[in-house]
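Chemist: Sharing a structure, written as C-alpha cells. Questions coming.
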Amino acid sequence: MRYLPLSDDDRRAMLDAIGVASVDDLFVDVPAAARLSGPVPDLPMHMSEMAVERHMGALARRNVAAGDAAFFIGAGAYRHHVPSSVDHLIQRGEFLTAYTPYQPEIAQGTLQVLFEFQTQVARLFGCDVANASMYDGSTACWEAIGMARRITRRTKAILSAGLHPHYVSVCQTMAKFTGDTLDTALPTLEKGKPGDDMARLLSSIDDQTSCVVVQNPNIMGHIADLSELAEACHAKGALLIVVVTEPVSLGAVKSPGEMGADIVVGEGQSIGVGLQFGGPYLGLFATRDKYVRQMPGRLCGQTVDADGKRGFVLTLSTREQHIRREKATSNICTNSGLCALAFSIHMTLLGEKGLRELAALNHAKAVAAAELLSKIPGVELMNDTFFNEFTLKLSRRSRSLVRDLADKNVLAGVALGRLYKDGDGRENGLIVAVTETTTEEHVETLASALREALA
Amino acid sequence: MTINQSGWRPEAPLANGAGDQPTFTGNRALMLEEPLLFEIGSTDRTGVDFETPSPLVGEGRGEGTRGAAELPKNRLGGLERGAINLPGLSEPETVRHYTRLSRQNYAIDLGVFPLGSCTMKHNPRLNERVARMPGFADVHPLQPISTIQGALGVIHQLAIWLIKLTGMYGVAMAPKAGAHGELCGILCIRAALDARGETNRRVLLVPESAHGTNPATAAFAGYSVENIPATAEGRVDLAALKSRLGPDIAGVMITNPNTCGLFERDMKAISDAVHAAGGYVYCDGANFNAIVGRVRPGDLGIDAMHINLHKTFSTPHGGGGPGSGPVVLSEALAPYGPLPFVAKMPDGHYKLVEESSAAQDHPGTFGRMTAFHGQMGMFTRALTYILSHGADGLRQVSGDAVLNANYILRQLEDVLDAPFAASGPCMHEALFSDDGLAPGFNTLDIAKGLIDEGFHPMTVYFPLVVHGAMLVEPTETESKAGLDQFIGALRSVAERAKAGDESLKSAPHFAPRRRLDETAAARTPILAQRYLADEDD
C-alpha cells in the first residue's frame, strides 16, 4: 500500500517492543462481537493510482464543466477567473498540510495570512474587524443572527425577501431549534426592483426586533441603498445585518459598512476559490469593534514574542468552544482556512486597482448582455439597478427552458422555479449572471437560444 | 538508531557566540522575515491584467479606473464605491510574499505532526489532482441535474462507502466540518424526539473528556448539557450514566474511541441503556481512524456519528479547514436528515432531493443546513483516498495507526507519566500527563522543547480529565524510523523537564518566533491593520 510506510519487519519489531503477538491483540477492548475478522465485506480492495485516476476521471467527464458551456449561472456562486499563481501557492505543503495554528511559534505563516485576510475582508466590507472565516455565506448568515440575539437580547429577526432562499432555509432550520422568530416573505418580480421589500422591512422593525437581514445585491441582482434601513434599525435598537454573496461587487458598489451595517457576512467563493459544485466555500464575517467579543469563529491578533518581535496568535479564544464549551459564541472549530488563503492571495494579486477593474469589467459586460437580451421578444429585464447579475421575466416557464437549453450546452441561468414555489410570476423568472469570463460569443449564443425557445 | 546522524547539536552556534550576531535584515539565512502585505503593497499595483470593457457599453468612458462613477451608463443606482485601501502586489512579489510566509509554518509534509484527535496523516497528491479536474472543480451547484450526473455520482459512491464502513443505515453528506456534523446529528435527534411528541427531552449527557465542540453544539441546538464522569481507568462511568437517564434526557454524545485514547468497552451497553430510556446515541467520530475497516459503529448501537473526512480520509487540513463532516445515521434517525441529498433512480441516473420535492421524497427532514451540497471538493479527495486503499487498505490503516500509537506509549511510559497505560492497549493515540516533571515545569515547556527538536507538539492540555495532558497521535503514515526519532526527541525533552533544565522554560529558541505574548494579544486586540494615510507611498 503506497501510503503506508511500515514494512512487515517493522510491524514485527514494534509488536515485540510493545509485548503483544499481533495487531489484533491491540484491539482487545473492542467486544469480540463487534470486531471484524477481515476487511469490511461487500467493498472493493485497493487500487493503483492510475486505476483510481481513471475511475474518478470518468465521473468527472459525466459533468458539464462551466468552461465548456455558454455559462450564465450565479445566484450565490460565481464563476471568475482565478490567476494560476493562486492554486500553485495554496498547494505549498506548508500551507496545505498545516493544522489550525495552535502553536504560533511554528505557524506564523498561516497566522500572518489570517491577519492580512481579516484586514482585507474588513476593508472590503467597510467594517472594523473580520474573523478568520466561517464555513460559507449561509452559515455565516445564521451566526450573524445569533450574534445579534446575544447583543440585543431579542429574538425576532426580519429577513428580507431578497435574501438567498437557501440562506433563508438554513436560518429557518436553526431557528426551529433555538426559539428565534424569523419574519420572512417571498420575493416578487417587481418591475424595476425585483426582490426588493424595503417598505416591508421599514414597517416591520419594532422594539422586539434583534436584526434585519438584507442581501445586497439581492438574489435577483437588485442593488439598494441601505442607509435609511440602517437608521431605522438603530432607532429601534436593532442591528442591520448585510449579506454579500458576490464580493466582487464591492469593487464598484458602496460597501455595507459605509451604509451603516452593524454586521456584514458574505460568501467569499468568488475570489480565489472557484465553483467546486458548492463547496468548500468561504464564509466571511465582519463587524464593528464594539461587538468583537460577541463574534463567532477564530480571530488572529497581533502581539510580540519574548524578544519583542512582532508576531501573530489566535486570540480572544474565551469566546470559543474549546475554552467556553456550552457557553461559547458558536460551536465552529475547523473553518475554511485554505479558502481564506486563496481569497487573500487573489485579493493581493488584484489589489484595489485590479479589483476595481474586475468589477468594472463585470458590470460593463452585464450591462451589455442585459441590453442585448432585453431586446428579444418575450424577454423583459426586471432590474433598474444591478451589478453582474439581473433577472429576466420570460414569456414561458423558465425552469423547463433552462433544462431545454442545457441540452444545447447553454447554461442559461437559475430559474426562480428552482428556488421558489410558483406565484407572482416567479415561475417565469430567470436570474442571469455575467462575469469577466463571459464572452460576447457566449452572450450571442444565449440570445439566439432564447430567441428560438421563446419564438 | 542514531537520532542525529550528523552529530550537530543545536547548542553549537550559541556556544561560539555567532548565534547572537545580528544581521542587517533580521533574517537568519533561510529563516526569512516577511513584512505585512500592507507594508509592501500599494493600491495602484496589481498582479492581474484585464481586457478593456466591451464598447457595447456605450460612449463616455472616463480616464482611469479609480471610480465606478466613471463607468458609462452604469446601473449601480448611484451607489458607487469610495476608497477601499486594498494594497496589491505584482505576481512575482505575490509569489515571494506567500512563499516566504509558508516557510514559517510546520506541516505534515515536513515531519511527524502528532496532534491527538486531529489525525494529521499524509495527504496523497493524487487527491489534489482529482479535485482539480474541471468536471469537479468548475461545476456550479445550481446547474441542471442532467449536467451534474458525475458530481452526484461521487456523492452517492462516497455515501455508500461511508454507510458500509460504519454499518449504518443512511448518511447526511451536507455538513461542512466535524462540529457542523455534530449539529446535524443533534438536529436529527431533536427532530425525531419532536416527531414523537417528546418535547420535554432537553438534556444531553456529555462525558467530561469530550471535545469542546460537543457541549457547544448541544447548546447551539437549544439543549442543556450535563457532564457524566469517567472511571479511574479513563472510560465513561456506565453506572453513573444509567442513574442519570430519564424522561428529560434526549441522548448522549460520546466519543469512541474516547479522547483518552481508549475504546469504550461498554459502548453497546451504553447504547442499549440510552435506547431503553427513550434517548438516542450520538458518537463523535473524530477518532474513527483507530477503527476504520475493523469495527462498525452501527454494530455498537449508535444512532448518529460524524466522520471528519479531513481526518480519517486525509483531505488536507489547510491551516484550519476546510473540513467535511458527513453524518452516518441509524434507521431511526435517517428520516430526519437534512436537505439536499442525492438519490439513485432505477435507471441509474441520480436526482437531487431539494425543498421542492421534499414533501414527497423526504417529509421528515429537519431542513437545510448549508447553502448547497456540502464539501464537494472534499468528497472527491476522500473518495479518491478510499478507492486507493480499498477495504483491505483501510483495515491496514487502523491497524498501523494503533500499532504506531502503542509503540510510542510503551517506548515512553518509563519517562512520562501515562495515566491509563495500565488500562490496556491504547487506540490510535497515547495519553501522557505532566506528573513527575521538576517543580515549575509543565506540559507547555515540553511542547515548546519539541518545537526546537523540529517537531510539531502533540495536543496539550486536552482532554481536561488529565492534568497537563499530552495526547500523541502519530497516524499510520509515519515510518518506524520517523517514530524512533520523534520518540528520542520527546524522551530527551522529558528528561530535561524532569531534571529542571532552565533553558526549556524559554524554548523555543530556534523557531521563527519565541514564545508569543497571548495575554497582551487578548487584552488589547489588534485584529486588523488600520489604514494609515502614508500606506500608499
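Chemist: When you scan segment B:254-271, do you find a residue that is in contact with a Leu (Cβ under 8 Å, 6 or more places away or on another chain), among the hydrophobic types (A, V, I, L, M, F, W, C) and in a loop (DSSP other than H, G, I, E, B), even just one?
Modeler: Kept after step one, since they are in contact with a Leu (Cβ under 8 Å, 6 or more places away or on another chain), are these residues of segment B:254-271: B:256, B:259-261, B:266-271.
Next, from what is left, pick out any that are among the hydrophobic types (A, V, I, L, M, F, W, C): B:260, B:267, B:269-270.
Filter again for in a loop (DSSP other than H, G, I, E, B), leaving B:260.
Yes, there is a match, as at least one residue in segment B:254-271 is in contact with a Leu (Cβ under 8 Å, 6 or more places away or on another chain), among the hydrophobic types (A, V, I, L, M, F, W, C) and in a loop (DSSP other than H, G, I, E, B).
Chemist: Right, here's the next one. Any chance you could count how many residues in segment A:308-358 are of a type in the set (D, E, K, R) and either buried (at least 24 other Cβ atoms within 10 Å of the Cβ) or more than 27 Å from B:R96 (Cα to Cα) (or both)?
Modeler: Summing the residues that are of a type in the set (D, E, K, R) and either buried (at least 24 other Cβ atoms within 10 Å of the Cβ) or more than 27 Å from B:R96 (Cα to Cα) (or both) in segment A:308-358 gives 8.
Chemist: Still on this structure: Any residue in segment B:31-46 that is more than 8 Å from every other protein chain (Cβ to nearest Cβ), in contact with an Asp or Glu (Cβ under 6 Å, 6 or more places away or on another chain) and modelled with pLDDT of 85 or more?
Modeler: No, every residue in segment B:31-46 fails to be more than 8 Å from every other protein chain (Cβ to nearest Cβ), in contact with an Asp or Glu (Cβ under 6 Å, 6 or more places away or on another chain) and modelled with pLDDT of 85 or more.
Chemist: Tell me yes or no: at least one residue of segment B:321-328 is surrounded by fewer than 24 Cβ atoms within 10 Å (Cβ to Cβ) and either at the interface with chain A (Cβ under 10 Å from one of its Cβ atoms) or modelled with pLDDT under 95 (or both).
Modeler: Among the residues of segment B:321-328, not one is surrounded by fewer than 24 Cβ atoms within 10 Å (Cβ to Cβ) and either at the interface with chain A (Cβ under 10 Å from one of its Cβ atoms) or modelled with pLDDT under 95 (or both), which makes the answer no.
Chemist: Mind checking whether some residue in segment A:375-384 is polar (S, T, N, Q) and either out of contact with any strand residue (DSSP E or B) (no Cβ under 7 Å at 6 or more places or on another chain) or surrounded by fewer than 24 Cβ atoms within 10 Å (Cβ to Cβ) (or both)?
Modeler: Checked against the condition, which is being polar (S, T, N, Q) and either out of contact with any strand residue (DSSP E or B) (no Cβ under 7 Å at 6 or more places or on another chain) or surrounded by fewer than 24 Cβ atoms within 10 Å (Cβ to Cβ) (or both), segment A:375-384 yields no hits at all.
Chemist: Right, next: Looking at (1) touching a strand residue (DSSP E or B) at 6+ places or on another chain (Cβ under 8 Å); (2) more than 8 Å from chain A (Cβ to nearest Cβ); (3) hydrophobic (A, V, I, L, M, F, W, C), which one does B:L115 not meet, given that it meets all the others?
Modeler: (2)
Residue by residue, here is whether (1) more than 25 Å from A:G137 (Cβ to Cβ); (2) in the same structural domain as A:G162 (by TED's automatic domain parsing); (3) in contact with a Phe, Trp or Tyr (Cβ under 8 Å, 6 or more places away or on another chain) holds:
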| site | (1), (2), (3) |
| --- | --- |
| A:A60 | yes, no, yes |
| A:I73 | no, no, no |
| A:H88 | yes, yes, no |
| A:R92 | yes, yes, yes |
| A:T100 | no, yes, no |
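Chemist: Restricting attention to segment A:337-388, which residues are assigned to a loop (DSSP other than H, G, I, E, B) and without any contact (Cβ under 8 Å) to a residue 24 or more places away in the chain?
Modeler: Across segment A:337-388, the qualifying residues are A:S374, A:K375.
Chemist: State all residues of segment B:335-362 that are touching a residue at least 12 places away in the same chain (Cβ under 8 Å) and either of a type in the set (S, T, N, Q) or away from every other protein chain (no Cβ under 11 Å) (or both); if no residue qualifies, say none. Talk me through it step by step, then tell me what you get.
Modeler: In the first step, residues of segment B:335-362 are kept if they are touching a residue at least 12 places away in the same chain (Cβ under 8 Å); the result is B:335-344, B:349-355, B:358, B:361-362.
B:P335, B:Y336, B:G337, B:F341, B:V342, B:A343, B:K344, B:K351, B:V353, B:D361, B:H362, listed by residue number.
Chemist: Say whether the condition of being within 28 Å of A:R310 (Cβ to Cβ), over 25 Å from the mean Cα position of the chain (by Cα) and crowded, with 19+ Cβ neighbours inside 10 Å is met by at least one residue in segment B:459-481.
Modeler: Within segment B:459-481, not a single residue is within 28 Å of A:R310 (Cβ to Cβ), over 25 Å from the mean Cα position of the chain (by Cα) and crowded, with 19+ Cβ neighbours inside 10 Å.
Chemist: Given the conditions (1) surrounded by fewer than 24 Cβ atoms within 10 Å (Cβ to Cβ); (2) not assigned by TED's automatic domain parsing to the domain that holds A:S210, which single one is not true for A:D305?
Modeler: Exception for A:D305: condition (2).
Chemist: Now for a different question. Condition (residue is of a type in the set (D, E, K, R) and in contact with a helix residue (DSSP H, G or I) (Cβ under 8 Å, 6 or more places away or on another chain)) applied to segment A:235-256: is it met by at least one residue?
Modeler: no
Chemist: To continue, here is another question. Among the listed residues A:E94, A:E49, identify the single one that is touching a helix residue (DSSP H, G or I) at 6+ places or on another chain (Cβ under 8 Å), under 30 Å from B:N105 (Cβ atoms), buried (at least 20 other Cβ atoms within 10 Å of the Cβ) and of a type in the set (D, E, K, R). Before you say what the answer is, go through the steps one by one.
Modeler: Values: A:E49 fails: buried (at least 20 other Cβ atoms within 10 Å of the Cβ).
A:E94 is the lone residue from the list that is touching a helix residue (DSSP H, G or I) at 6+ places or on another chain (Cβ under 8 Å), under 30 Å from B:N105 (Cβ atoms), buried (at least 20 other Cβ atoms within 10 Å of the Cβ) and of a type in the set (D, E, K, R).
Chemist: If you don't mind, there's one more thing I want to ask. Can you work out which of the residues in segment A:393-409 that are among the basic types (K, R) and assigned to a helix (DSSP H, G or I) is nearest to the other protein chains (Cβ to nearest Cβ)?
Modeler: Just the residues of segment A:393-409 that are among the basic types (K, R), to begin with: A:393, A:396-397, A:399, A:403, A:408.
Among the residues that remain, those that are also assigned to a helix (DSSP H, G or I) are: A:399, A:403.
Numbers: A:R399: 9, A:R403: 5 Å.
Going through the qualifying residues, I end up with A:R403.
Chemist: Also, quick follow-up: Given the criterion out of contact with any helix residue (DSSP H, G or I) (no Cβ under 8 Å at 6 or more places or on another chain) and at pLDDT below 95, identify the matching residue among A:K176, A:K193, A:K156.
Modeler: The match here is A:K176.
Chemist: Does A:I323 satisfy being part of a loop (DSSP other than H, G, I, E, B) and either at pLDDT 95 or above or of a type in the set (V, I, T) (or both)? Even if it seems obvious, please write down each step before you answer.
Modeler: Values: part of a loop (DSSP other than H, G, I, E, B): no; either at pLDDT 95 or above or of a type in the set (V, I, T) (or both): yes.
Against the criterion (part of a loop (DSSP other than H, G, I, E, B) and either at pLDDT 95 or above or of a type in the set (V, I, T) (or both)), A:I323 does not qualify.
Chemist: Kindly evaluate B:L309 against the criterion of being of a type outside the set (G, A, S), crowded, with 24+ Cβ neighbours inside 10 Å and either more than 9 Å from chain A (Cβ to nearest Cβ) or in a loop (DSSP other than H, G, I, E, B) (or both).
Modeler: Details: of a type outside the set (G, A, S): yes; crowded, with 24+ Cβ neighbours inside 10 Å: yes; either more than 9 Å from chain A (Cβ to nearest Cβ) or in a loop (DSSP other than H, G, I, E, B) (or both): yes.
Spelling it out, B:L309 is indeed of a type outside the set (G, A, S), crowded, with 24+ Cβ neighbours inside 10 Å and either more than 9 Å from chain A (Cβ to nearest Cβ) or in a loop (DSSP other than H, G, I, E, B) (or both).
Chemist: Cβ-Cβ distance below 9 Å, separation of 6 or more or different chains: which pairs start in segment B:82-93 with a residue that is modelled with pLDDT of 95 or more and end on one that is surrounded by fewer than 23 Cβ atoms within 10 Å (Cβ to Cβ) and assigned to a strand (DSSP E or B)?
Modeler: What qualifies is B:P87/B:S42; B:G88/B:S42; B:L89/B:S42.
The values are calculated or read from the model by the stated rules, or taken from the named source; none is laboratory data. Source: prediction; values computed, not measured. FYI the Cβ positions are ideal-geometry reconstructions off the backbone, even for glycines, and counts take in every protein chain you see.
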